[in-house]
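Written below as C-alpha cells is the structure these notes are about.
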Amino acid sequence: MQVLQVQLEVGADPAEVGRARRWARSRLVGSGLNDDEPLAETLILLISELVTNAVVHTGCPAVLRMLFGSGAAEAGTVRVEVADTSARPPCPRHAQGADTNGRGLELVDGLADRWGWQPEGSGKRIWCEVDRSEPEPAARYEPPVPPPLGGLGHYGADLSVTGRSVEPDRDRDRPPAGADGSSKAFTQA
C-alpha cells in the first residue's frame with residue numbers, strides 16, 4: 001500500500017492554527033478534494049481542533065501530518081496526525097452552556113470515523129481518520145403532480161363539487177392488520 005504523507009511544523013503560537021488550516025486546505029486540493037466539499041470542510045475542522053489543542057493546551061510546537069492513500073484501493077481514508085513534545089495525554093472535557101472551551105475532542109469524536117492517541121518519543125501523537133467514500137448520486141426531487149382542475153384529485157377528492165379538499169383515505173395503502181388486530185404490519189421472523 002502506497003501512502004502519500006505531507007507534514008507541516010507548527011510553532012507554539014496560537015496564530016499558527018490559521019496557517020495550518022491554509023496549508024491543509026491546499027494539500028487537500030492537491031489530493032483531489034475540492035476545498036468546498038463537505039469532506040474537506042470536516043477535515044479542516046478536525047485539523048483546526050487538533051492543532052489548537054496541541055499549541056494552546058501544551059504550549060509546545062507540533063507537527064501536523066496528513067496521510068493519503070495514492071492508489072484507488074488505498075484512497076479510502078484520510079488520516080490526520082498532530083504530534084507534540086508534551087507527554088501529557090489528551091484530556092477530553094465536557095463544555096457547559098456558554099463555555100468557550102472544552103468542545104474540541106467532542107467535535108473530533110463526533111466528526112472523525114476513528115481517533116485516538118499514542119506515545120511518540122518524549123511526547124504523543126493524536127490522530128483521527130475520515131473515510132473517503134464515493135458521493136451518493138443526488139436524489140432528484142420531483143414535485144407531486146397537481147390534480148386536474150374540475151375532476152378527481154390525486155386522492156380522489158372531488159374539488160369541483162365541494163370547492164374544498166377532502167382528506168385522503170390514509171389507510172388505503174396500509175398493510176393488513178396483524179394477527180392481534182393491531183395496526184402493526186405483519187413481519188415474518
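Couple of notes before you dig in:
- Within this structure, Val63 fails the test of being open to solvent by less than 70 Å² (accessible area, probe 1.4 Å) and in contact with a Phe, Trp or Tyr (Cβ under 8 Å, 6 or more places away or on another chain).
- The residues of the range 24-51 that are assigned to a helix (DSSP H, G or I) and open to solvent by less than 30 Å² (accessible area, probe 1.4 Å), listed by number, are Ala24, Leu28, Ala40, Leu43, Ile44, Leu46, Ile47, Ser48, Leu50, Val51.
- Boolean, Ala12 is at pLDDT 90 or above and farther than 18 Å from Trp127 by Cβ: yes
- Any chance Val78 is farther than 14 Å from Arg125 by Cα and surrounded by 14 or more Cβ atoms within 10 Å (Cβ to Cβ): yes
- The set of residues in the range 81-117 being over 16 Å from Ile47 (Cα atoms), touching a residue at least 24 places away in the same chain (Cβ under 8 Å) and either surrounded by 12 or more Cβ atoms within 10 Å (Cβ to Cβ) or among the small types (Gly, Ala, Ser) (or both) consists of Thr85, Ser86, Ala87.
The values are calculated or read from the model by the stated rules, or taken from the named source; none is laboratory data. Source: prediction; values computed, not measured. Here the Cβ is made from the backbone with ideal geometry for all residues, glycine too, and neighbour counts use every protein chain on show. These area figures cover heavy atoms from the full protein model, side chains too; ligands, DNA and RNA do not enter into them. Shrake-Rupley method; radii C 1.70, N 1.55, O 1.52, S 1.80 Å.
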